[in-house]
1. With respect to A161, is the statement that it is within 30 Å of G14 (Cβ to Cβ) and either surrounded by 14 or more Cβ atoms within 10 Å (Cβ to Cβ) or in contact with a Gly (Cβ under 8 Å, 6 or more places away or on another chain) (or both) true?
2. Of the residues A59, A24, A65, only one is of a type in the set (G, A, S), over 30 Å from R207 (Cα atoms) and under 18 Å from the mean Cα position of the chain (by Cα); which?
3. Quick check, is S153 surrounded by 12 or more Cβ atoms within 10 Å (Cβ to Cβ), at pLDDT 95 or above and farther than 12 Å from G76 by Cβ?
4. From G80, G73, grab the single residue that is out of contact with any Phe, Trp or Tyr (no Cβ under 9 Å at 6 or more places or on another chain), surrounded by 16 or more Cβ atoms within 10 Å (Cβ to Cβ) and in contact (Cβ under 8 Å) with a residue 24 or more places away in the chain.
5. Got a sec? Which of R207, R229, R243, R252 is basic (K, R), surrounded by 18 or more Cβ atoms within 10 Å (Cβ to Cβ) and without any contact (Cβ under 8 Å) to a residue 40 or more places away in the chain?
6. Name the residues in segment 46-75 that are in a helix (DSSP H, G or I) and among the small types (G, A, S), would you?
7. Give me the residue from segment 26-50 that is at pLDDT 85 or above and of a type in the set (A, V, I, L, M) and, out of that set, farthest from A261 (Cα to Cα).
8. Here are some conditions: (1) in contact (Cβ under 8 Å) with a residue 60 or more places away in the chain; (2) out of contact with any strand residue (DSSP E or B) (no Cβ under 7 Å at 6 or more places or on another chain). D34 meets all but one. Which one does it not meet?
Amino acid sequence: MSEALEGAAALLHGADALLFCAGAGMGVDSGLPDFRGPEGFWRAYPPYRALGLRFEELADPVHFADDPTLAWGFYGHRLGLYREITPHAGFGVLLRWAASTPARVFTSNVDGQFQKAGFAPEHVAEVHGSIHHLQCLVACGQPVWPADGVSVSVDPDTMRAREPLPSCPSCGALARPNILMFGDRSWDPSYAEPHLDALAAWLRSLRNDGARLAVVEIGAGTGVPTVRRQAELASAASGALVRINVREPEVRHGRGVGIPAGAAETLAALARAIER
């Protein structure tokens, strides 16, 4: 562990720019549930065990049309949870590094924790959207809008939402979270895309300037490898990839360093190694 930390600190030291790539494991130390496998999901949401519903089955846009109280029961609970959670100290470490070195965030998380921790919204690219924004279920033309002020009451025994459910301010139809779900063909990417395009432009400018980019990938597994692919592509030229992952820390030889530990403890240890 100490050897890996020293290697990671060496990769990060003196970098001209930093990219933080975060998956679901980034939020676990803040107290957010781990949905890895049906057992992990059911531990967080026991009522769904009785129904035999897995995360992949609930995170499906068809439920908003077919069974809206079921759909909003799940997402309404998550919206409330993400609003209440305080980002762990590891976010503060990244924010401190970003204050002294140009940095951007790429994440598959929809929880808004980077913005809550103090990162500028324009510096956070959310590839799967955000639960803090909504879209019209029938795509009436209403632009994506913030979920500020939207509150969903959920019965904890059934995990079903109580009426009234969030609605579109233009046409009154049911609203849904602006999140890319499984098998989702109706997600509106108009809020997420400008941030993703800005990140791509920033990375191009670094390459054109010959800047040395270091990438810190945190809690991103191989099940949905979107974040891993971004981290590996961005760090391909420099080989400066620091992968923090409890279960899957492996990095190809010469491409970086893997650390088999959690986000908060590893980032704190890296901060001590770099900042001493």
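The values are calculated or read from the model by the stated rules, or taken from the named source; none is laboratory data. Since this is a predicted model, take the numbers as computed values, not measurements. For neighbour counting, all protein chains shown are included, and Cβ atoms are generated from backbone atoms with ideal geometry for every residue, glycine included.
1. Values: within 30 Å of G14 (Cβ to Cβ): no; either surrounded by 14 or more Cβ atoms within 10 Å (Cβ to Cβ) or in contact with a Gly (Cβ under 8 Å, 6 or more places away or on another chain) (or both): yes.
Here the answer is no, as A161 does not meet what is asked.
2. Values: A24 fails: over 30 Å from R207 (Cα atoms); A65 fails: under 18 Å from the mean Cα position of the chain (by Cα).
Unique residue meeting the criteria: A59.
3. Details: surrounded by 12 or more Cβ atoms within 10 Å (Cβ to Cβ): yes; at pLDDT 95 or above: yes; farther than 12 Å from G76 by Cβ: no.
In short, no.
4. On the way: G80 fails: surrounded by 16 or more Cβ atoms within 10 Å (Cβ to Cβ).
None of the others qualify; the one that does is G73.
5. Details: R207 fails: surrounded by 18 or more Cβ atoms within 10 Å (Cβ to Cβ); R229 fails: surrounded by 18 or more Cβ atoms within 10 Å (Cβ to Cβ); R252 fails: surrounded by 18 or more Cβ atoms within 10 Å (Cβ to Cβ).
Only one candidate passes the filter, namely R243.
6. Going residue by residue through segment 46-75, those that are in a helix (DSSP H, G or I) are 46-51, 55-58, 62-66, 68-75.
Within segment 46-75, A50, A65, A71, G73 meet the criteria.
7. A50
8. (1)
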